[in-house]
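Asks: I am attaching a structure below and will ask some questions about it afterwards.
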Amino acid sequence: MKTGYGNPARYITELHVEESCLQLPYTQEIIARSGLPVHILQENVDPDIPGRYPDNLTQGKHHLMLTKNRGTFFKPCPATKQYRCCDYQVLNIGMGCPMDCVYCILQAYLNNPWISFFVNIDDLFAELDQAFAASDGAFFRIGTGEFTDSLALDSLTGLSRRLVEYMSRKKSAVLELKTKSNMIDNLNGLDHKGRTVVAWSLNSPSVMAAEEIRTATLDERLAAAAQCADWGYRLAFHFDPIIYHEGWQDGYRQTIKKLFSRVPADQIAWISLGALRYLPALKNIATDRFPQSRFFYEEFIDGLDGKSRYFRSRRVAMYKVIADELAGYVAPKTCVYFCMENDAVWQEVFGFSLEDRGGLPSMLDGSVNR
């Protein structure tokens, strides 16, 4: 039985603050809220964490660096043309996460062990303003959960309140906050006007228990989702990565049954399905850090995107079981879709092509514009 870790931000024990950020009011707000020891860093000086990456990843997750994003905050999801993408827009609020999922691709994608959070949020909102001004009425689905968990650090940063309030004024966009935590307190009492979707990653009970470290339990995630539904938020759920393991059929069915026993189906905007896929470098990193995990030792092939994937026949078999189970519960307006799959898989599992439904972006936009 998985035991909930509680607030994942409590795994942070030290703050590192870039000197150029120190006098920002938002930085001072986070420092005061945290009550943690603070180390001031000169520009281009890294936090001092013993060991070498990735061996020091576990230790590095105790360290949060408040820094500036000197690149772009807002950009399209880094999709590949060989697989169908939903035209998601990524809002990059930081890098890394205090939770520690065995399959997390960030272990192979990042090159430092600490967690970074960007405090130059005036630049973030200015960039969003520019994007909306230049959009010519285009609809944006925006997410902050690409390189970090959207809410895992929210008790320290309070960023969700600022984002939700900003998005409440944008009729041509919706914000998705995706998490494996149950840290939703900052979402209470906000006039979100339906422009924020709160989302949870879900998995089978055995995967959640063994492979998702310092995350909320399934019951905790669903209780948080039900509370957000009571506050008027629309919800989303992501079965991603779907992992082949002993008893997987019963495990995913059990999660789905519990989901719909706790959460109102008509408030779910979308549910995504995505089988395990990973950068080849991740296997050695993850199996060294988590030698008890066995799922990387199944058969995989090289996908067209350079990631390791299950054979298509296995992916289709797993998708069919999960999609068939979901079909007995989902509301008519909920969009059930694949994340990064090809047309053949769509046709084989769902029996239609995306062009038949106007394309995946249109399907997802329609699920929140109703």
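Read-outs: derived from the displayed coordinates by stated rules, not from any lab. It should be emphasised that the depicted structure is a prediction, and the values quoted were computed from it without experimental measurement. Cβ: placed from backbone, ideal geometry, glycine included. Neighbour counts: every protein chain shown.
Asks: For Lys258, list the aspartates and glutamates whose Cα falls under 16 Å from its own Cα; do not include residues on the same chain fewer than 8 positions away.
Replies: Asp219, Glu220, Asp250, Asp266, Asp324, Glu325
Asks: Further question: Fewest first, what order do Met363, Met183 take by the number of other Cβ atoms within 10 Å?
Replies: Lowest to highest Cβ neighbour count: Met363, Met183.
Asks: While we're on this one: Suppose R0 equals 41 Å. What FRET efficiency, 1/(1 + (r/R0)^6) with r the Cβ-Cβ distance, do Arg162 and Ser353 give to the nearest 0.05?
Replies: 0.55
Asks: Using a 10 angstrom cutoff on alpha carbons, build the Gaussian network for the chain and name the most mobile of Gln254, Gln292, Gln28.
Replies: Largest GNM mean-square fluctuation: Gln292.
Asks: OK, next. Each residue of segment 109-115 in order: what ³J(HN,Hα) in whole Hz does its phi give by Karplus 6.51 cos²θ - 1.76 cosθ + 1.60, θ = phi - 60°, with x for Gly and Pro?
Replies: 8, 7, 10, 9, x, 7, 9
Asks: Restricting the count to DSSP beta bridges whose residues both fall in the chain, what percent are antiparallel, rounded to a multiple of 5?
Replies: Around 25 percent antiparallel, to the nearest 5.
Asks: Show which lysines lie in cross-link reach of Lys171 when reach means a straight Cα distance below 23 angstrom and same-chain residues fewer than eight apart are skipped.
Replies: Candidates past the 8-residue exclusion: Lys75, Lys193, Lys333.
Asks: Separate question: Report, in deg cm²/dmol and to the nearest 500, the calculated mean residue ellipticity at 222 nm for the chain, where each DSSP H run with n ≥ 4 adds -39500 (n - 2.57) and the sum is divided by the residue count. Display every interim value, and only then the final one.
Replies: Values: 13 runs with 122 residues, N = 370.
So the calculated ellipticity at 222 nm is -9500 deg cm²/dmol.
Asks: For the chain, what is the relative contact order in percent, using Cα pairs closer than 8 Å and at least 6 residues apart in sequence?
Replies: This gives 16 percent for the chain.
Asks: In whole angstrom, how far apart do the alpha carbon centroids of segment 129-197 and segment 312-370 sit?
Replies: Centre-to-centre distance over Cα atoms comes out at 25 Å.
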